[in-house]
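The values are calculated or read from the model by the stated rules, or taken from the named source; none is laboratory data. Bear in mind the structure is a predicted one, so any value in this text is a computation, not a measurement. In this analysis, Cβ positions are derived from the backbone assuming ideal geometry, glycine residues included, and neighbour counts consider all displayed protein chains. When the accessible area is computed, the model is the full protein with side chains, heavy atoms only, and any ligands, DNA or RNA have been set aside. Shrake-Rupley method; radii C 1.70, N 1.55, O 1.52, S 1.80 Å.
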Amino acid sequence: MRTFKSSKDEWHYSFISDNEFKGINDVATQAKIYWCELLYRTHIVVLVSWYKNLRWLEALNNNIDNYYGFCSNLRCLIESCADSFYTLRYAPLTISKDYRAIYESIHNDSPIFLTNEPLEKILLHFIQGTKLTKEQSKTYPSEYNAKKIVEYLSSIEDGNEKISQLYGYLCGVSHPAYESTQSFLFLHNGQTIVCGDSYNLEKKMIESLLECFGDALLRMFRVFMVNSLSTLNTLNYFKLPEIFSEIDVTAVEKHPAWEEVSKFMEESHNRYSRALKSGVYE
């Protein structure tokens with residue numbers, strides 16, 4: 001996280017209005033604007049994901065002696081990582097599949113104009129998704145309606161089932177439930193005791209929680225980081241200075257996940273060449 005944060009602390013993007021875009025008659029110019037702005041939005045989602053998760057990590061560190069603060073913030077970190085991965089899990093492959101066509105649209109007057117509505121929708125959902133009322137749901141696009149947390153969690157629990165078990169427990173601590181009362185209630189010599197001086201116990205409970213679920217959290221965070229860095233590295237290949245990120249390229253491209261992205265990029269050159277000859281992009 002620190003290596004990426006040192007890349008730049010503030011990023012600026014320029015978007016044109018819908019009316020301006022509709023007023024452009026040149027298809028090549030439209031294609032360039034469309035893909036520049038879609039890649040900008042992809043970059044924005046990665047940045048917001050990283051900065052948001054960094055804040056939750058800082059909140060965890062600030063509550064290392066407070067079990068309730070720690071558990072509440074850990075629950076939010078899991079939700080945040082799940083939301084990020086749910087959005088970005090297919091982004092590197094989606095973009096790399098059409099890499100050459102997109103690159104030509106940005107840097108040259110390409111005769112091929114592609115769009116990617118699924119990518120548009122998932123990026124919009126990450127930024128704008130919220131709980132809509134029944135009335136709002138009738139007028140707003142479905143992308144504006146937040147999904148149930150279980151749908152976001154399902155994207156990171158594959159092979160990491162303990163993360164759902166941990167999340168369920170953290171919900172119990174954060175909400176009015178059995179798990180939220182036990183650090184203050186004790187049985188001793190046949191008496192029920194309520195004691196508010198539970199700080200030493202809470203430290204031990206945090207240690208126990210991390211000992212039991214540390215491997216699941218590490219796996220979750222590794223998945224988030226690999227996916228985010230792969231997305232940033234893919235974006236760097238388009239040579240847009242507005243979204244160039246300083247990351248450890250060697251570490252990213254040695255990871256097995258990058259092999260498929262790289263393969264898609266290579267294949268995209270052949271697809272583009274075939275399309276120029278046939279007039280059909282497949």
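Computed values, structure above
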{"item": "Net +/- balance of residues flanking Y272 in space, Cβ distance below 9 Å, scoring K and R +1, D and E -1", "result": "+1"}
{"item": "Sequence-separation-based contact order of region 82-156, relative, with Cα cut under 8 Å and 6+ spacing, percent", "result": "42 percent"}
{"item": "Cα→Cβ-extended label distance, 7 Å offset, between V48 and F21, nm", "result": "1.6 nm"}
{"item": "Accessible area of the chain divided out per residue, in Å², using a probe of 1.4 angstrom", "result": "56 Å²"}
{"item": "Local net charge near L235, Cβ-Cβ under 12 Å (Lys/Arg +1, Asp/Glu -1)", "result": "+1"}
{"item": "Angle in degrees between helix 199-236 and the longest Cα principal axis of the chain, rounded to the nearest 10", "result": "0 degrees"}
{"item": "Helix-only CD estimate at 222 nm, as mean residue ellipticity for the chain, using -39500 (n - 2.57) per DSSP H run (n ≥ 4)", "result": "-21000 deg cm²/dmol"}
{"item": "Global form of region 1-156, assessed from the alpha-carbon gyration tensor, a/c cut-off 1.5", "result": "prolate"}
{"item": "Accessible area (Å², 1.4 Å probe, nearest 10) - R41", "result": "100 Å²"}
{"item": "Environment charge at P141 (Cβ cut-off 13 Å; Lys +1, Arg +1, Asp -1, Glu -1)", "result": "-1"}
{"item": "Carbon plus sulfur fraction of accessible area for region 14-149, probe 1.4 Å, in percent", "result": "50 percent"}
{"item": "Charge-dipole axis of region 83-192 as Lys and Arg at +1 and Asp and Glu at -1 on Cβ define it, positive-most pick from Q191, L124, I112", "result": "Q191"}
{"item": "Exposure rank, largest accessible area first [T42, T139; 1.4 Å]", "result": "T139, T42"}
{"item": "Where E259, E120 fall by accessible area, highest first, once all protein chains stay in place (1.4 Å)", "result": "E259, E120"}
{"item": "Highest-MSF residue in the chain out of E117, E202, E266 [GNM, Cα springs under 10 Å]", "result": "E117"}
{"item": "Long-range HN-HN contacts of N145 with modeled amide H, under 5 Å", "result": "T130"}
{"item": "For L93, solvent-accessible area (1.4 Å; no DNA, RNA or ligand), Å²", "result": "50 Å²"}
{"item": "Overall Cα dimensions of region 188-268 - principal axes, largest extent first, Å", "result": "73, 26, 18"}
{"item": "Spin-label pair T192/I127, simplified geometry with 7 Å Cα→Cβ offset, distance in nm", "result": "5.3 nm"}
{"item": "Aspartates and glutamates with Cα under 20 Å of K52, excluding same-chain neighbours fewer than 8 positions away", "result": "D9, E10, E79, D83, E151, E246"}
{"item": "Solvent-accessible area, 1.4 Å probe, carbon plus sulfur percent, for region 179-282", "result": "55 percent"}
{"item": "Whole-number Å³ per residue for the convex hull built on Cα positions in the chain", "result": "164 Å³"}
